[in-house]
Structures are given as structure tokens and as C-alpha cells.
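Reading through the C-alpha cells given below for one structure.
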Amino acid sequence: MHAYSMLAEGDRILVAVSGGVDSLVLAAILTLWRNKAPIDYELVAVHLDMGFPDSNYKLIAPQLAKISLNLEIEHTSFGSDVLALADKQNACFACSRNRRTRLFSIAREKNCNKLAFGHHKDDIIETFFLNVLYGGNISTMVPSQVLFSGNLTIIRPLAFLEKKQVRDLAVQFDLQPTVNPCPLEGETKRDTVRQLLEPLYQKDSHIKGNIFSALANVRTEYLLKKTK
């Protein structure tokens, strides 16, 4: 939070809560940090029900109640609409795009100047490889990103934490995540990238940290550049 100046006095932060372990831990950390930080900020927790048949949105609010945080729920058909399309290859991208666009709108409607996501170190690394392998570009998610001429900033306070650490924190906070209701869970391009990386992590414990460090140590002079 300090390294990327994520929080400031008077911030109004929209916390995107999917119900997974990452977003629940994110909500808990922001709540605990507010109690001890020398600044004052507001938290607005929102869950977008994506409209999947096995949606379990009713299980999320009781978890946030443990940290005294209210949850607002908005029902959508984003997930079911995308799954109805013939092209399943880009379903995750389309679903994520619709979800994020709506969160941007909610942030504007609720006068929030920050939007907090629960992405962690593993997510950032996997996004880098997703973009390289499937998008043909070198980029990833960043811990803090200013959008819309400074009217909204995306923050990712869990950026330095590995997935295992997030899970350990969930146990400490006594938070029980919900199961992802998406029928494509486990069959996405991100899952493919995760399966490619896991054997490398197991073979050498330094690899994950090295990849993460490399994302902030880009030697552009050694990248391909066309002269014409």
C-alpha cells in the first residue's frame, strides 16, 4: 500500500467482492488497515452476481459480517449471457470485461475514487504469461492504475502476496470462501498457464519471485524494435 500510494485521506473505495478467498481477504485487510491507519477512508463492498445457475451469492454477506462490513449485491446476466454464445474460447475475457465495466459505473454512481481488486502476485504473473502467449504483447496487471483522467484508480493491495499467503490469512480471519459457480472453472486459459508454471515453481522456489521482480526490471533496449 505504501510502495504504490494506494490509500489517502478521504478516499471512498469500492471493494469488488466475488466471494472467493482473494476478495474476502482483501475486504478484511482494508477493514483492519482502516482501524489502525493514520488516515480515514470509506469502504463500499459490492458483489456482482453473474447470473450462473448455481450462484451462491447469499453465502457472501455472512462472511463480511464477521469483519463488520456490509455487502451490496447486484444481480446481472453477464455470465449466463456469455456462456450462451458459441465462442467459449473468449468467454472469460468477455465476462470479465462486462463485470469490470459495470464496476466502473458503480464506482461513479457511488462517488468512489478507488476500486479495489483482490489480485495477488500469482495473478499478476499469470496475466503476464496470458498476454504473451495469447495476446502477443508484454504487459500485466499493475498494483495501482489511474484511469479516466484521474477520476478513478484501481488498487490491488494483495499484489505482493502469494496465493498460499492469502489462503493462510483467510484461515486466520475465519473467512470461508464460496465456490466459483462458473461452469468453465478449471478449463480456462488462465488455468492452462497456471498448470505450465506450477512445475517450475516446484522445481525452483526462486522462480516465482524472479519472474515478479523481472516485471519491474524491463530492459527495453533488449526487446525487438522495428526500424521501419
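The values are calculated or read from the model by the stated rules, or taken from the named source; none is laboratory data. If you're wondering where the values come from, they're calculated on a predicted model, not measured in any experiment. Heads up, the Cβs are rebuilt from the backbone with ideal geometry, glycines too, and the neighbour counts pull from every protein chain shown.
Brief remarks on what is shown
Yes/no matrix, rows are residues, columns are (1) exposed (fewer than 15 other Cβ atoms within 10 Å of the Cβ); (2) under 18 Å from the mean Cα position of the chain (by Cα); (3) at pLDDT 95 or above; (4) over 26 Å from Gln176 (Cβ atoms):
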position: Val46; (1), (2), (3), (4): no, yes, yes, no
position: Asn56; (1), (2), (3), (4): yes, no, no, no
position: Ile60; (1), (2), (3), (4): no, yes, yes, no
position: Ala65; (1), (2), (3), (4): yes, no, yes, no
position: Leu71; (1), (2), (3), (4): no, yes, yes, no
position: Leu85; (1), (2), (3), (4): yes, no, no, yes
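- Test: residue in the stretch 204-222 that is aliphatic (A, V, I, L, M), free of Cβ contacts under 8 Å to residues at least 40 places away in the same chain and under 18 Å from Lys163 (Cβ atoms): yes
- Close pairs (8 angstrom Cβ cut-off, 6 or more residues apart or separate chains): without any contact (Cβ under 8 Å) to a residue 40 or more places away in the chain and part of a loop (DSSP other than H, G, I, E, B) in the stretch 1-13, of a type in the set (Phe, Trp, Tyr) and surrounded by 14 or more Cβ atoms within 10 Å (Cβ to Cβ) anywhere: Ala8/Tyr41; Glu9/Tyr41; Gly10/Tyr41
- Meets criteria (in contact (Cβ under 8 Å) with a residue 40 or more places away in the chain and either of a type in the set (D, E, K, R) or out of contact with any His (no Cβ under 9 Å at 6 or more places or on another chain) (or both)) for Ile125: yes
- Picking from residues in the stretch 141-177 that are within 15 Å of the chain's Cα centre (by Cα) and of a type in the set (Lys, Arg), the one that is farthest from Gly118 (Cα to Cα) is Arg167.
- Residue match in the stretch 171-180 (condition: in a helix (DSSP H, G or I) and charged (D, E, K, R)): no
- In the stretch 18-58, the residue that is nearest to Asp123 (Cα to Cα) out of those that are in contact (Cβ under 8 Å) with a residue 60 or more places away in the chain and among the β-branched types (Val, Ile, Thr) is Val21.
- The residues in the stretch 130-147 that are hydrophobic (A, V, I, L, M, F, W, C), loosely packed, with under 14 Cβ neighbours inside 10 Å and under 17 Å from Cys92 (Cβ atoms) can be counted, and the count is 1.
- Meets criteria (among the small types (Gly, Ala, Ser) and modelled with pLDDT under 95) for Gly186: yes
- Candidates Leu130, Leu184, filtered to the one that is among the aliphatic types (A, V, I, L, M), in a loop (DSSP other than H, G, I, E, B) and closer than 25 Å to Asp81 by Cβ: Leu184
- Subset of the stretch 87-99 (residues that are surrounded by 15 or more Cβ atoms within 10 Å (Cβ to Cβ) and either hydroxyl-bearing (Ser, Thr, Tyr) or within 19 Å of Gly118 (Cα to Cα) (or both)): Cys92, Phe93, Cys95, Asn98, Arg99
- Unmet criterion (only one of (1) closer than 22 Å to Ile29 by Cβ; (2) without any contact (Cβ under 8 Å) to a residue 12 or more places away in the chain) for Gly136: (1)
- Single condition Phe78 does not satisfy, out of (1) at pLDDT 95 or above; (2) surrounded by 19 or more Cβ atoms within 10 Å (Cβ to Cβ); (3) not basic (Lys, Arg): (1)
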